[in-house]
Structure formats: C-alpha cells, structure tokens
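Only one structure is covered here, and it is reproduced in the block below.
The values are calculated or read from the model by the stated rules, or taken from the named source; none is laboratory data. Keep in mind the model is a prediction, meaning the values are calculated, not measured. Virtual Cβ from ideal backbone geometry, glycine too; neighbours counted across all protein chains shown. What goes into the accessible areas is simple: the full protein's heavy atoms, side chains included, and nothing from ligands, DNA or RNA. Shrake-Rupley method; radii C 1.70, N 1.55, O 1.52, S 1.80 Å.
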Amino acid sequence: MQPYINQPDGVFPSVCSLDCPDQCGLLLHKKDGKIIKVQGDPNHPVTKGNICNKVRNMTARIYDPKRLQQPLKRIGSKGEGSFVPISWEEALDTITSKWKNLIEQHGPESILPYSFYGNMGNLSAEGMDRRFFHKLGASRLERSICNAAGSVGYNYTMGGSFGIDPEETIQTKLFILWGINAVSTNMHQVTIAQQARKNGAKVVVIDVHKNQTGKWADWFIPILPGTDSALALGLMHILYAENLVDQPFLDEYTVGSAELCEHVRQYDPATVSAITGVPIDDLYELARMYGSTTPSFIRIGNGLQHHDNGGMAVRTIACLPALTGQWLVNGGGAIKGNSGYLAFNTNALRRPDLLKDKTTRIINMNQIGQALLERENPILSLFIYSSNPALVAPNANKVQEGLMRENLFTVVHDLFLTETAMYADIVLPAASSYETEDFYNSYWHNYVQIQKPVVEKYGESKSNVELFKLLACGMGFEEPAFRDSEDDMIRQALNFPDNPYLEGITYESLSESQFVKAKMSPLFPGKLQTPSGKIELYSEQMKKHGYEPLPTYMPIVKDSDLPFLFIPAPNHNFLNSTFSNNEKHISMEKEPKLHMNTADALKLGIDTGDMVRIWNERGECVLTAAPGENVLAGVLVSQGLWQNTPETKQHINALTPDRVADMGNGAVFFSGRVDLLKL
Ligand SMILES: Nc1nc2c(c(=O)[nH]1)N[C@H]1C(S)=C(S)[C@@H](COP(=O)(O)OP(=O)(O)OC[C@H]3O[C@@H](n4cnc5c(=O)[nH]c(N)nc54)[C@H](O)[C@@H]3O)O[C@H]1N2
Ligand SMILES: Nc1nc2c(c(=O)[nH]1)N[C@H]1C(S)=C(S)[C@@H](COP(=O)(O)OP(=O)(O)OC[C@H]3O[C@@H](n4cnc5c(=O)[nH]c(N)nc54)[C@H](O)[C@@H]3O)O[C@H]1N2
Ligand code: SF4
Ligand SMILES: [Mo]
C-alpha cells in the first residue's frame, strides 16, 4: 500500500497529539493533498468517534495563514516582533556556530533546552532532542510544570502511575471527580460516567469552582483551595469511626492501617469543616456515601496538586480506595494517571548514556525566569520547542525580563510566532503532528497509537526529530543514534521486556491496527512497586525523604496578606496556550472572566461586566468581573491562558508564584494571593 502521504485523496487514521488524557483516535479526510476535515475515529475503543470542539476545528490551525513556513531572523529589539525570513542553511549555521563558540568559551552548560508536550508524540517530545542535548552536555531541564507533585504523591501510596482501566468505570456506581474539570479536560471520562448514570451511578465533584463539570454533577461540593488533604483525612476519620472500612483488604494489601486509624482521630468533622469550608453534615453524607457505595471511583485531577501541598494532597486521596477495599472491585479504585502501564524504553529513546557520566546542572522549568536572571554561570542560549513559556510559566514578568536579556541567544521552534517566539533571535517553523511519524501512549486510557504522516510538511517546516538530526550533523556528532529513522526509534522504544503490560505492542502491530491496548491485568491481587509491595498508608520511604510518613494536612504557603486566593485554571476551548491565537476559539470563550463570590463583589461595589485589576507583588492583569455563587468568598477563579498585549493585560501568569510544591518540584499556579480593584 502507498504511504498515506502519497495519496492525495482519502480518509486516513490519525491520533490527537495534544496534551490531553483522552488521546482520541482521529480520521483525517484529505482532498487534493490537504486535510479538509478532522473527525473522531468511531473504531477507537475508548474515544469512539467523539472529539472536542478544539480539534474538530483543527484544519483552521493547520492551514492558518499565520502558521510559520520559513525560518526567521530577528531584526528589531527582543519582544518587538520584527523578523525577516532566512534559509534553513543560514539558520542552522547561525545556531551551530554560536553554540560552538559558547561551548568553547563558557562550556556546554551555558545552553539550556526548554520544552514540554505541545506534541505528545514520544519521538517529538523526548526522542532525538534528548539524544542531542545529552551529547551536547547542555544544562538539563526538570520538566515539572504539569503533574510532578501529584505523581510523586500518588507513587508514595501506590508505587507508580497505575490506576484502574477507565473502560471499567462503566460499572462504577459512585464517581468522585476531585479537582478535575473533566467536562473540559477529560471528556470521555464524562461520557462513560454519563452512561453509568443511566444505570444509577451518582457523580460528585469536589472543586473550588462550580464550572461546567460542577454544574453537570449530581452533587457539587465546593472546597477552599489547598485543603483537599484535610477533606480526605476527615472522610477517613468517619470511615474508621463508623466502621465503614474493609478490614480484610486493609490487612492483606496495605501497611499502616492501625497507625492511620489512630492518626485520623484528630481530623474530626468540626476541625475539617473549619479548614475546608465543607459543612459538617456534608462530610458525614459524603463519607457514608463513599463507605457504602461499590464500585466507587475517584478521578484525581491536576488542579488540586498545583498547590504548595499538592503532592501530599494526592498521596492522601490515593489512600481512600484502599480503606473501602475498592481496588478489588471492577470499576472501583482511582486514576491519577495511568502512564505506568505503557512505560516504554526511555533509555533507548532518550539515550542518557550519551552524557558519558557527566553530571550537568538541572534547571526547574517552573523557575525559568529566575534561572535566566542568574548572574553566576549564566544561561547564554535557550532553545525552546513544543512549549510557550512566555505565557504558560509562572511569574511571567520575571520570565519576560529573562527573555529580554541582550546576551541570551534564543531559538524557538514552533508552528506559530508565539509570545515566546517574539523574544527569539532565530525562529524555526515546526511541522504538525499530522505531518510526521510518531507513537503515542495515553496517560489515561491504555492504548498505544501510531501516527503515519498524512500530509506533506507545511512550507519549509521540520519535525522535532528532523530538526535535531540536522543540528547533530551541524555540530559534527557522528554517533549512529543521530541517524536512526522514526521507525528505528519506535522499535527501540517499544523493545522493553521490563514492562510486561507492553507485550505484543510492536511497530508491526501498531502499523496494522493503529491502536493496541496494554496487556492489562488487575492490580490486585498483586504486588505494587512500593517498597513493601503494598499500598502504603504509612510510608517509611516518605519518612526517609523528610515527609510525614502518614497522610497529613499542611496549609499552603501564605505568601502575602492580600485578601484573595487566585486560581487561574485552563479553559474549555484552548489547550493551555494552544488555540489562544485562533479567532473561532477566542470567540467561543468570549473574554477572560474573573469569577468571584457575590458577597465579595458587593463589598467592593463590583457588578457583572466591570473591568477589574487584580494585582500582587509579582504583577497585575485586567479581567472582566463575573460575580456569583460559583466560588466561595475569598476565592477568585479565571480560566484560560489568553494572549497578552500591553493594552489588554490578560496575562494571568504575571500573578502566579514560582515557588515549588512539596513534592516533585511541581508548579504551584493555584497557591498565590492577590488583591483587586474595580477600574
Ligand atoms: N480544554 C482543555 N483541556 C485540557 C487542557 C486545557 O488547557 N484545556 N489542558 C490539558 C492539561 S496540560 C492538563 S494537565 C489537564 C488538566 O486538567 P485537570 O486535571 O482538569 O486540571 P485543571 O484544569 O488544572 O484543574 C482542575 C480543577 O481543579 C480546580 N482546583 C484548583 N484548586 C483546587 C483545590 O485546591 N482543590 C480542588 N478540589 N480543586 C481545585 C480548578 O477549579 C479546576 O476546575 O487538562 C488537559 N486538557
Ligand atoms: N496559570 C496557569 N498556567 C499553566 C497551567 C494552568 O493551569 N494555569 N497549566 C500548566 C500545565 S498543566 C501545562 S502542561 C503547561 C503547558 O504549557 P505548554 O507545554 O507550553 O503548552 P502550550 O501552551 O499548549 O504550548 C505548546 C506549544 O507547542 C507548539 N507545538 C505543537 N506541536 C509541536 C511540535 O511538534 N514541535 C514543536 N517544536 N512545537 C510544537 C504549539 O504550537 C504551542 O505553541 O502550562 C502550564 N501553565
Ligand atoms: S484535545 Fe483531547 S478530547 Fe480533544 S480531540 Fe484531542 S484528545 Fe480528544
Ligand atoms: Mo498539563
């Protein structure tokens, strides 16, 4: 059969490359060599042909006239946006000669890569790029902006990113969506819950904001930001006190139940209600519902771990299904992330051995602003791809100040001239995922999928793999690792006998079937990858690492005396900052709103539609007030990472803290305080 790319017309399989747990199967309709329609693949066993609005409108993004076609060189000042087109040859020569000089004069650690999962394809996100920067000996980036704190927290309890198979949740009778805006961010979990509801399932949502997910729930429980571990401990208090726990399960599969039972006595309903803002009656009702409904399932979101105490919050919630023995029930248990099942051979893909035992410095991406402003051993070149830090990273004014540095040589590889690209010396056009070969593994459902290129690369754009091969050649790297093709790399990554779940998933099986499921087996009975092999309600390992060994509530940092906690969460029609430059997506979102409690609005004389300035010591931004009862008093919520201009001042990350969370050096976007003023 001819490769898809050589067939000008037809319908071809594909996969959504965006950073979204659903990782939908897609069908691309092609006419005269162009994609004319993006549709959900009805044969995908989990996503079943349904896709979100964002991607249904993807052709507008792929063929957006603003899309980059050629390399660019900056001619104006940084941030101004004046560029002229140059050839690839000139772009690559400029970069490699600059780097050769920097390496000679300041060493390779003066160069820092900065990337995230703008394209979830494994080769694009962590393939040739990692090989290249390892060989170069550049500074390393700690990629902790997303789920780092929660993953570490979950691992302490459960030993890895292993939850239940979401396909099982069709059996579930009680869904607790905890700190996840699933209607917007995990729509197929909502579809499954919606079907389970027809068989009597109930949906509870615990969130600081009654957003679309909260409105869809049977029961919405508002909670004060950063207090979720206290709520979980309060539920445990009642479960133990009322003997709603599954003692045989606790005896067989956990360590520390007796200690936990004793420890949670202090989290009585009155104390927990005062911390969380959840009424005492609701605590009893929720605990009794959880203790008596089976199968019950907790979907742990990313929102609650973007706090100073986010690791401990997830570690604590992850203990709950063990108390009621839910892990043994089909459709019972939890999901934080499921990437453990599809773990592949990252050493073969990323080739850390090319570093040759050098211990290069590690820079946390959440503190990129600070790092760029460091005077000692300064970063002199920044290579940014698959990410838009000027908009998505916390403490944005510091990031901007860093990016403005005259002696910082910045290269950005992207599909668009993003906010970040405006500060670049050289901008390189990136191919879209539909134009490149890659493989994808979801962090929610358990399928691996393959993408074969469907259309020619747009303009002169290049994929991440291609680009780093060219850079390797320009730097004179001769290892065979830099000559591997995409299929070579996919084969190397999937060759991983250490992970039995990956059995049967090969380049060939993917090419034949498009999606192949992990060889799933229930977690229990079985041995976890914790030190004890059991669920660790008490964790000796945590004690060694300097944490409380039992789940414990620690308040978030009070970083100022300003009166409001500010939660700038994602929105429905953008994906992080992706689509925030698309007219249709902007018009669907209308404008960035600031949700606040009516009582707070009344006190400050603020009405619906008023423009308000919110500010703290880090920066300011201007949003449209939306008073109501969707947030508790003292809490402000905005949604979406909006494009920013000096006129609109919509840059919410100007306000967010660049401290790191209790675990995994994770981001704490939602733990900052602000004040506000009607304009
Ligand atoms: N449409 C859309 N989909 C997306 C994204 C997007 O930007 N737009 N982003 C993608 C990415 S990268 C990720 S990581 C996921 C994130 O998706 P989710 O897991 O849903 O995480 P968030 O949207 O960050 O936050 C979820 C919820 O947490 C709430 N929250 C904040 N603080 C607290 C708290 O202290 N306690 C509780 N209980 N709730 C709290 C917020 O109000 C929000 O409703 O979504 C992915 N999918
Ligand atoms: N205030 C606040 N800030 C947040 C969050 C929040 O909830 N609130 N969420 C945080 C989270 S969870 C995350 S994951 C981060 C996400 O932050 P980012 O990873 O920066 O995500 P995007 O903004 O989607 O930017 C991805 C970029 O990659 C580009 N891209 C896509 N495909 C390719 C490719 O194949 N090659 C190259 N070179 N480029 C490509 C896209 O065009 C886009 O510009 O944001 C974080 N920032
Ligand atoms: S963004 Fe998520 S829901 Fe939308 S098509 Fe992609 S994977 Fe599916
Ligand atoms: Mo994320």
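Points to keep in mind about this one:
- Positions within segment 56-81 being in contact with a helix residue (DSSP H, G or I) (Cβ under 9 Å, 6 or more places away or on another chain) and of a type in the set (Val, Ile, Thr), in sequence order: ILE62
- Residues within segment 444-471 that are closer than 19 Å to ASP41 by Cβ, part of a loop (DSSP other than H, G, I, E, B) and open to solvent by 10 Å² or more (accessible area, probe 1.4 Å), tallied: 2
- Number of residues in segment 510-520 that are open to solvent by 30 Å² or more (accessible area, probe 1.4 Å) and farther than 17 Å from ALA343 by Cα equals 3.
- The criterion of at least 2 residues that are within 16 Å of ligand 1 (Cβ to nearest atom), in contact (Cβ under 8 Å) with a residue 24 or more places away in the chain and of a type in the set (Val, Ile, Thr) is met, among helices (runs of 4 or more DSSP H) falling completely within segment 306-392, by 310-317.
- ASP281 being assigned to a helix (DSSP H, G or I), charged (D, E, K, R) and either open to solvent by less than 20 Å² (accessible area, probe 1.4 Å) or more than 24 Å from GLU548 (Cβ to Cβ) (or both): yes
- Residue under evaluation LEU602, criteria (1) open to solvent by less than 60 Å² (accessible area, probe 1.4 Å); (2) in contact with a strand residue (DSSP E or B) (Cβ under 9 Å, 6 or more places away or on another chain); (3) of a type in the set (A, V, I, L, M); (4) outside any loop (DSSP other than H, G, I, E, B), criterion not met: (1)
- Count - residues of segment 205-220 that are under 16 Å from LEU594 (Cα atoms) and of a type outside the set (A, V, I, L, M): 4
- Single residue of segment 73-131 satisfying the filter (in a strand (DSSP E or B) and in contact (Cβ under 8 Å) with a residue 40 or more places away in the chain) that is nearest to ligand 3 (Cβ to nearest atom): SER115
- Residues being open to solvent by less than 40 Å² (accessible area, probe 1.4 Å), out of contact with any Pro (no Cβ under 6 Å at 6 or more places or on another chain) and more than 22 Å from ASP19 (Cβ to Cβ) - total across segment 565-599: 4
- Taken over segment 53-71, the criterion of being open to solvent by less than 30 Å² (accessible area, probe 1.4 Å) and either out of contact with any strand residue (DSSP E or B) (no Cβ under 9 Å at 6 or more places or on another chain) or more than 14 Å from ligand 2 (Cβ to nearest atom) (or both) is satisfied by ASN57, ASP64.
- Unique match (being part of a helix (DSSP H, G or I), away from ligand 1 (no atom under 14 Å from the Cβ) and touching a Leu at 6+ places or on another chain (Cβ under 7 Å)) among TYR240, TYR290: TYR290
- VAL245 outside any helix (DSSP H, G or I) and open to solvent by less than 50 Å² (accessible area, probe 1.4 Å): yes
Let's see how each residue does on (1) in contact with a strand residue (DSSP E or B) (Cβ under 9 Å, 6 or more places away or on another chain); (2) surrounded by fewer than 19 Cβ atoms within 10 Å (Cβ to Cβ):
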site	(1), (2)
GLY333	yes, no
ASN345	no, yes
MET365	yes, no
ILE368	yes, no
ALA371	yes, no
ARG375	no, yes
ASN388	yes, no
LEU391	no, no
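- Selection count, segment 184-221, where residues are β-branched (Val, Ile, Thr), within 22 Å of ALA313 (Cβ to Cβ), open to solvent by 10 Å² or more (accessible area, probe 1.4 Å) and within 15 Å of ligand 3 (Cβ to nearest atom): 1
- Cβ-Cβ under 9 Å pairs, at least 6 apart or on other chains, segment 40-58 side part of a loop (DSSP other than H, G, I, E, B), far side aromatic (Phe, Trp, Tyr) and open to solvent by less than 30 Å² (accessible area, probe 1.4 Å): HIS44/TYR447; PRO45/TYR447; VAL46/TRP444; VAL46/TYR447; ASN57/PHE579
- Selection within segment 43-55: residues that are under 26 Å from the mean Cα position of the chain (by Cα) and more than 10 Å from HIS188 (Cβ to Cβ). The member of this set that is nearest to ligand 1 (Cβ to nearest atom) is LYS54.
- Candidate set: segment 23-39, residues that are away from ligand 2 (no atom under 15 Å from the Cβ) and part of a loop (DSSP other than H, G, I, E, B); chosen: the one nearest to MET58 (Cα to Cα): CYS24
- Residue match in segment 127-134 (condition: closer than 18 Å to GLY474 by Cβ, out of contact with any Lys or Arg (no Cβ under 7 Å at 6 or more places or on another chain), more than 16 Å from ligand 1 (Cβ to nearest atom) and aliphatic (A, V, I, L, M)): no
- When residues of segment 1-35 are limited to those that are among the polar types (S, T, N, Q), at pLDDT 95 or above and open to solvent by 40 Å² or more (accessible area, probe 1.4 Å), the one farthest from ligand 3 (Cβ to nearest atom): ASN6
- The residues of segment 181-209 that are under 23 Å from the mean Cα position of the chain (by Cα), more than 19 Å from SER273 (Cβ to Cβ) and away from ligand 2 (no atom under 16 Å from the Cβ), listed by number, are MET187, HIS188, GLN189, VAL190, THR191, ILE192, ALA193.
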